[in-house]
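Notes follow the structure.
The values are calculated or read from the model by the stated rules, or taken from the named source; none is laboratory data. Here the structure is a predicted model, which is why all the values come from computation and not from measurement. Cβ coordinates were reconstructed from backbone atoms using ideal geometry, including for glycine residues, and neighbour counts include every protein chain displayed.
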């Protein structure tokens, strides 16, 4: 159950997601393709997002962060659970009923190469949402597209060019212009900068922040780069194997992480400024890989890689406990300073003494 | 598939070159590719050296020439499609213009490479064990059984669970991190003296990245080899490399000991790189400081300093020298080991007084 969703005070958040579940069936080969299992991509995810706010979703590949984004934009239908957009349940709406909400929720994709049709001009790409939703008459299309291109920092004269004539950073700006075309209230940004060069990433991040301030757009910001998420989002949720393991404010998550996975993730991400000053830090070393979401571990899903795991972790799945202001799904949640971490690599002793 | 010429038994390492030269010396390396559109000047006048037991980090954006230059060390460029000038010496052995058989004896034996994407670097039709055994038996006259045991030992060393069973697996049965480990096992099977890791962790998650970086470092300590690590992630460089070489538009623009370069950078491009990355401690209310513009085309590199079209510090240089004159890679005010390619007279003062606060947060 979701303990941190607060709607009792009569105030409606922009987006309220409760116990969202998305399972993908695994079919057997052969003529009769029976379902032989379920990939539990999302298994009970709950969060709320206020108007104009930004929530970051971080986690490793396969943790379900992209699936979350795609379910919220209704590119996938949820298996169960509820998603309320401004109080309206949108999880079960038909395509026609969904139309007005598609205007409000837009998506920015990770790969600026595969997400733009190479045979359409920029004007066509950015103009299509306006056309589909009948926002502007055909005659005013070009000025409107040019205005959008200018907003994202592209030359408005380039509306007649094709995506291949632009660099990666510029292509991502085209994708952003397309998402902005309908003046959405919520943008799901799925790894918007991870395909870009370092010096270009900062340009795009600053652009997104300016747009957020100017138009009051709420962002669901999905990324694996912890530093970028910290920079962009005042609120952060850490996901592991289809579940949120810790959710709280930026300071709570980054300064005093309570979940062992958050702690490991933070200590593993290299940080140039810290390293430049203090040299190599000690880091928590997680063993092995993320388990398969087809057959996740019983109880706590992180227990197979956790140094705190005890018998209770295999038996009972930890709910989101409220500890120190944030919600954390761990039986032994506590700040890192208090505990002795046994699995710390000193300098370089990564290979386990087998 | 194994067509290696084994008729020349003398060692690749020429004993005459035992004077105090570093293990790998790259001197004035220029790599150019003639294309229909013109000559791509991928690498221009690049020089560096790596000693045994040391790690050199090469950092730069895509198209800066970091991969092209290190592929040249292995002699991987097709001589018909590329022009190489300068000199690359591995333990005294000249690579540029070396015969195919010389290169074959060198590759995988003295010099090994870890590629970014194990899915394209390893073969999907052969078992992982098969591929490691092949690499081992090419350079060592041992029985198949012994080589097979060696493959299991290597997989164990890089931390793959149940190596006896896993050695018979195909690539698709491995996870991303395990594939990268298998490739490291393959690269290290002959105890190479020089290991080139080209973006070894870019495709991996951070917790797996930490495992792989630790592994590379442990291996280096164990075998005392020289390591070149190529990445666009300054954080990886900061934690791993002894020396760092910053490349831009095919040229070295800053070179020196890692801590020195990262704490006292002297080149506006390095300032830009440091300012544009987010980190997990600094003030989040301040915007990132991006580098304006995009990297230049190497078909037609800018005149003068290659960075000048994007550089915001040109007013610190008198006249228009940035546009007209290529700065040389020269030691800056902080000593002989710290080289930079920039006309700015006193970058240290400028950095400490105006930029440090802004960049380091």
### Message
Condition first: at pLDDT 90 or above, within 14 Å of chain B (Cβ to nearest Cβ) and closer than 26 Å to residue B:175 by Cα. Can you find one or more residues in region A:313-322 that meet it?
### Response
no
### Task
Filter region A:54-65 down to residues that are crowded, with 20+ Cβ neighbours inside 10 Å and out of contact with any helix residue (DSSP H, G or I) (no Cβ under 7 Å at 6 or more places or on another chain) and give me whichever is nearest to residue A:213 (Cα to Cα).
A:55
### Query
Scanning for something within 12 Å of chain A (Cβ to nearest Cβ), within 15 Å of the chain's Cα centre (by Cα) and closer than 23 Å to residue A:283 by Cβ, does region B:155-166 turn up at least one residue?
no
### Message
Please return the ranges of helices (runs of 4 or more DSSP H) entirely within region B:259-361 where 3 or more residues are away from chain A (no Cβ under 14 Å) and over 20 Å from residue B:48 (Cα atoms).
### Response
B:321-324, B:347-350
### Query
From the list B:129, B:177, B:224, which one is at positive phi and either within 14 Å of another protein chain (Cβ to nearest Cβ) or modelled with pLDDT of 90 or more (or both)?
B:224
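Restricting region B:192-203 to residues that are touching a helix residue (DSSP H, G or I) at 6+ places or on another chain (Cβ under 7 Å) and buried (at least 23 other Cβ atoms within 10 Å of the Cβ), which is nearest to residue A:58 (Cα to Cα)?
Checked region B:192-203; the qualifying residue nearest to residue A:58 (Cα to Cα) is B:201.
Listed here are the residues, each with its yes/no results for (1) in contact (Cβ under 8 Å) with a residue 60 or more places away in the chain; (2) in the same structural domain as residue B:341 (by TED's automatic domain parsing); (3) surrounded by 19 or more Cβ atoms within 10 Å (Cβ to Cβ).
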| site | (1), (2), (3) |
| --- | --- |
| B:53 | yes, no, no |
| B:58 | yes, no, yes |
| B:74 | yes, no, yes |
| B:81 | no, no, no |
### Message
Considering only residues that are crowded, with 22+ Cβ neighbours inside 10 Å, assigned to a loop (DSSP other than H, G, I, E, B) and at pLDDT 90 or above, which ones fall in region A:323-338?
### Response
A:329, A:330
### Task
Can you work out which of the residues in region B:234-246 that are buried (at least 24 other Cβ atoms within 10 Å of the Cβ) and part of a strand (DSSP E or B) is nearest to the other protein chains (Cβ to nearest Cβ)?
B:244
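Let's see how each residue does on (1) surrounded by 23 or more Cβ atoms within 10 Å (Cβ to Cβ); (2) within 13 Å of another protein chain (Cβ to nearest Cβ):
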{"site": "A:187", "(1), (2)": "yes, no"}
{"site": "A:199", "(1), (2)": "yes, yes"}
{"site": "A:213", "(1), (2)": "no, yes"}
{"site": "A:219", "(1), (2)": "yes, no"}
{"site": "A:222", "(1), (2)": "yes, no"}
{"site": "A:235", "(1), (2)": "no, yes"}
{"site": "A:242", "(1), (2)": "yes, no"}
{"site": "A:247", "(1), (2)": "yes, no"}
{"site": "A:251", "(1), (2)": "no, yes"}
### Task
Search region B:19-48 for residues being assigned to a loop (DSSP other than H, G, I, E, B) and within 18 Å of the chain's Cα centre (by Cα), and hand back the single one that is surrounded by the fewest Cβ atoms within 10 Å (Cβ to Cβ).
B:22
#### Entry: residue A:142 away from chain B (no Cβ under 14 Å) and part of a helix (DSSP H, G or I)
yes
### Query
Does residue B:207 satisfy the condition of being surrounded by 23 or more Cβ atoms within 10 Å (Cβ to Cβ), without any contact (Cβ under 8 Å) to a residue 12 or more places away in the chain and at the interface with another protein chain (Cβ under 9 Å from one of its Cβ atoms)?
yes
